[in-house]
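Colleague: Mind having a look at this structure? Questions to follow.
The values are calculated or read from the model by the stated rules, or taken from the named source; none is laboratory data. The model shown is predicted, which means the values in this text are computed figures rather than measured ones. When we count neighbours, we look across all protein chains shown, and the Cβ atoms used for this are built from the backbone with ideal geometry, even at glycine. What goes into the accessible areas is simple: the full protein's heavy atoms, side chains included, and nothing from ligands, DNA or RNA. Shrake-Rupley method; radii C 1.70, N 1.55, O 1.52, S 1.80 Å.
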Amino acid sequence: MSEIRLEAQPRNEFGKGAARRARREGLVPAVVYGHGTQPVHINLPGHALMLALKTPNALFTLPIDGKDEFVLPKAVQRDPIKRSLKHVDLILVKRGEKVTVEIQINTEGELAPGGNLLEHVLNTLPLEAEATHLPESVTISIEGLSAGDSVLAKDITLPQGSTLAVEPETVVLHVVSAQAEAPAEDAAEGDAAEA
């Protein structure tokens, strides 16, 4: 995973008015915290931040107090209508530190014939990995699975250097048979009874 470098500006004004002024200038207010340090209030370039957040589990490098720090997005607030960024909470991480993240689950292959449906019990897979080597996704083969089959967390081949952050027996994917519609004969009998 590549590191994304963003330029941070110190933020000395607080409150709604200051946040609105920053957003009008194309900046997004943010707070960096963690490792027992005092929170650092900064403004980040809005467009660059929006693009960076499109990468799952993005690791950012920010210049803070004259030195580069690694941070991970912890919470992102968006405008409910415009979907523009309003505020971001970032957490400090260090090289070699293990963090828990949720990664996207992708599937490959075809289910067994017969109208089977794939149910995603988990939409993301919680993993523990080194902060500077976070995986973006995991791919699970569903080739030939039929109704009643399940894929457990322990059955998934994990990216190198990561471990499960969920019980190994947790069901991740489950195959169910398609529900049959009510037969057309019942509807025809109901119509005949009314006549």
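Colleague: Quick one: which residues, 5+ away or cross-chain, put their amide H under 5 Å from the amide H of Ile140? H built at 1.01 Å from N.
Modeller: Asn106, Thr107, Glu108
Colleague: If you don't mind, another one. Between the alpha-carbon centers of the stretch 56-83 and the stretch 10-49, tell me the distance in whole angstrom.
Modeller: Centre-to-centre distance over Cα atoms comes out at 10 Å.
Colleague: What is the set of long-range amide H partners of Lys86 at a cut-off below 5 Å, with H atoms built 1.01 Å from backbone N?
Modeller: Under 5 Å from the amide H of Lys86 lie the amide H atoms of Gln77, Arg78, Asp79, each far enough along the sequence or on another chain.
Colleague: In what sequence, largest accessible area first, do Lys54, Lys67 appear using a 1.4 Å probe?
Modeller: Ranking Lys54, Lys67 by accessible area, largest first, yields Lys54, Lys67.
Colleague: DSSP loop (so not H, G, I, E, B), at most 10 other Cβ within 10 Å: list which chymotrypsin sites (Phe, Trp or Tyr not before Pro) in the stretch 1-91 pass both filters.
Modeller: In loop regions of the stretch 1-91 (DSSP not H, G, I, E or B), the sparsely surrounded chymotrypsin sites (Phe, Trp or Tyr not before Pro) are Phe14.
Colleague: Quick check for me: using +1 on Lys/Arg Cβ and -1 on Asp/Glu Cβ, what's the dipole size of the chain about its Cα centre, in debye to the nearest 20?
Modeller: 2120 debye
Colleague: Helix-only mean residue ellipticity at 222 nm, the chain, DSSP H runs n ≥ 4 weighted -39,500 (n - 2.57), per residue, nearest 500. What is it?
Modeller: Taken over the chain, the calculation gives -4000 deg cm²/dmol.
Colleague: Shifting gears a bit: Report, for the chain, the % of DSSP beta bridges that are antiparallel, rounded to 5.
Modeller: Of all bridge pairs located within the chain, approximately 75 percent are antiparallel.
Colleague: With each label point set 7 Å from Cα along the Cα-Cβ vector, what nm distance links Ser146 and Thr132?
Modeller: Taking the two extended label points, one gets 5.0 nm.
Colleague: Given N residues in the chain, what is Rg(Cα) / (2.2 N^0.38 Å)?
Modeller: Computed over Cα atoms of the chain, the ratio equals 1.47.
Colleague: Right, here's the next one. What does a probe at Lys94 reach in the stretch 104-135, counting residues whose amide N is under 20 Å from the point 7 Å along Cα→Cβ?
Modeller: Only 128-134 pass the distance filter.
Colleague: Under 5 Å between amide H atoms, partner at least 5 residues away or on a different chain: which partners does Asp149 have, H built in plane at 1.01 Å?
Modeller: Those qualifying (amide H under 5 Å, at least 5 residues apart or on another chain) are Val175.
Colleague: Over the chain, with the other protein chains present, what is the accessible area per residue in square angstrom, probe 1.4 angstrom?
Modeller: 61 Å²
Colleague: Follow-up. Probe radius 1.4 Å, ligands and nucleic acids ignored: give me the carbon and sulfur share of the accessible area of the stretch 1-159 as a rounded percent.
Modeller: Result for the stretch 1-159: 49 percent of the exposed heavy-atom area is carbon or sulfur.
Colleague: Kindly write out, for the stretch 122-137 in residue order, the coupling ³J(HN,Hα) from the Karplus curve 6.51 cos²θ - 1.76 cosθ + 1.60 (θ = phi - 60°), rounded to whole Hz, with x marking Gly and Pro.
Modeller: Each residue of the stretch 122-137 in turn: 10, 8, 9, 10, x, 10, 10, 8, 5, 4, 9, 9, 7, x, 9, 7 Hz.
Colleague: Which of the trypsin sites (Lys or Arg not before Pro) found in the stretch 78-158 are in a DSSP loop and have at most 10 neighbouring Cβ atoms, other than their own, within 10 Å?
Modeller: Taking the stretch 78-158 and a limit of 10 other Cβ atoms within 10 Å, the loop trypsin sites (Lys or Arg not before Pro) found are Lys82, Arg83, Arg95.
Colleague: Within the stretch 64-172, list the GluC sites (Glu not before Pro) lying in a DSSP loop whose Cβ has at most 15 other Cβ atoms in a 10 Å radius.
Modeller: The qualifying sites are Glu97, Glu110, Glu136, Glu143, Glu169.
Colleague: On to the next question. What are the ³J(HN,Hα) couplings of the stretch 81-92, residue after residue, when phi is run through the Karplus curve with 6.51, -1.76, 1.60 and θ = phi - 60°? Round to Hz, x for glycine and proline.
Modeller: Coupling constants for the stretch 81-92: 9, 7, 6, 6, 6, 10, 6, 9, 9, 10, 10, 5 Hz.
Colleague: Something else about it: Whole-Hz ³J(HN,Hα) for each residue in the stretch 14-23, computed from phi via Karplus 6.51 cos²θ - 1.76 cosθ + 1.60 with θ = phi - 60°, x for glycine and proline: what do you get?
Modeller: With the stated coefficients, the stretch 14-23 comes to 10, x, 5, x, 5, 5, 5, 4, 4, 5 Hz.
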